[in-house]
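Below is one structure, written out as structure tokens, with a few remarks after it.
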Amino acid sequence: MQSKPQTQRVKRLLQADRLFGITSVPVPSVLREVVDDGAKGAGVLSTGTVSVDSKRTQLDVLDREQVRGCEKCRLCEKRTNTVFGDGDANARLMFIGEGPGFDEDRQGVPFVGRAGQLLNKMIAAMGLKREDTYICNIVKCRPPNNRDPAADEVIACTPYLHDQIRIIEPDVIVALGAPASKMLLDTQTGIGRLRGRFHDYHYTNLSDEAVSISLMPTYHPAYLLRSPSEKKKAWDDLQMVMKLLGLPMPKR
Ligand code: URA
């Protein structure tokens, strides 16, 4: 039987990976169907693990095979590009925002507009480069007129985010703004009360173990552009993150 084109692409990626050494890594849930399908008759896979040696490859497969063609909610109708994520697949620090805006939709890259410029400065103040971190959003398509994503849009899109987190397994997540913080922590508590301390983001890892990642909620850079007097609090939050990551603290 002829395999589907997407299955052939996954197989090619897996073959390329094998050339650089094999590590058996469990496959995220949204990819399982693709890889299981591709593995039939190919003997690549048993019980949900597959020979994929890089987080980058897993992210690329998730983006190419699942997100780019996604039509699970109405946001697909008006998008120019899906906006999957940007940065180091092995990052220890992951920033999660709400959803792409105008510039992000045009370029297909998260946080490249005005809020993104400020986020870059916040990252630089931590002594890091943007490309040392991983940056993404709750929803991968721009909500029209920059409205908040609706509940059903968030529900449709979050499996992708959960798989990004499962693949990257950062040491710390910084949730930017109320929607990302509330969604990830499954709470209705406001950002003003959530920020300033670490919370646990609970999830099931690729080996089906219940684990958690330290999550710091802080103000969204777009909010900080409107309310610059709150920057000090955001900086306090980021310094707590630096301390947890063991990064050198700025001299007073
Ligand atoms: N705001 C967000 O939440 N995400 C982006 O990518 C850009 C602006």
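Derivation of every value follows stated rules applied to the coordinates shown; laboratory data play no part. Because the structure is a prediction, the values reported are computed rather than measured. Every residue, glycine among them, receives a Cβ derived from its backbone with ideal geometry; neighbour counts consider all protein chains shown.
On inspection, residue 173 qualifies as buried (at least 21 other Cβ atoms within 10 Å of the Cβ), away from the ligand (no atom under 12 Å from the Cβ) and not aromatic (Phe, Trp, Tyr). So in the stretch 75-87, with the set limited to residues that are of a type in the set (A, V, I, L, M, F, W, C) and within 12 Å of the ligand (Cβ to nearest atom), which one is surrounded by the most Cβ atoms within 10 Å (Cβ to Cβ)? Of everything passing the filter in the stretch 75-87, 83 is surrounded by the most Cβ atoms within 10 Å (Cβ to Cβ). How about the stretch 88-99: which of its residues are of a type outside the set (Asp, Glu), within 14 Å of residue 119 (Cα to Cα) and within 12 Å of the ligand (Cβ to nearest atom)? Correct list: 95, 96, 97. Considering the stretch 229-240, and only residues there that are farther than 20 Å from residue 179 by Cα and not acidic (Asp, Glu), the residue that is surrounded by the most Cβ atoms within 10 Å (Cβ to Cβ) turns out to be 240.
Residues being near the ligand (Cβ under 9 Å from one of its atoms), touching a strand residue (DSSP E or B) at 6+ places or on another chain (Cβ under 6 Å) and either of a type in the set (Val, Ile, Thr) or assigned to a loop (DSSP other than H, G, I, E, B) (or both): count how many of those fall in the stretch 101-139. Total satisfying the criteria: 4.
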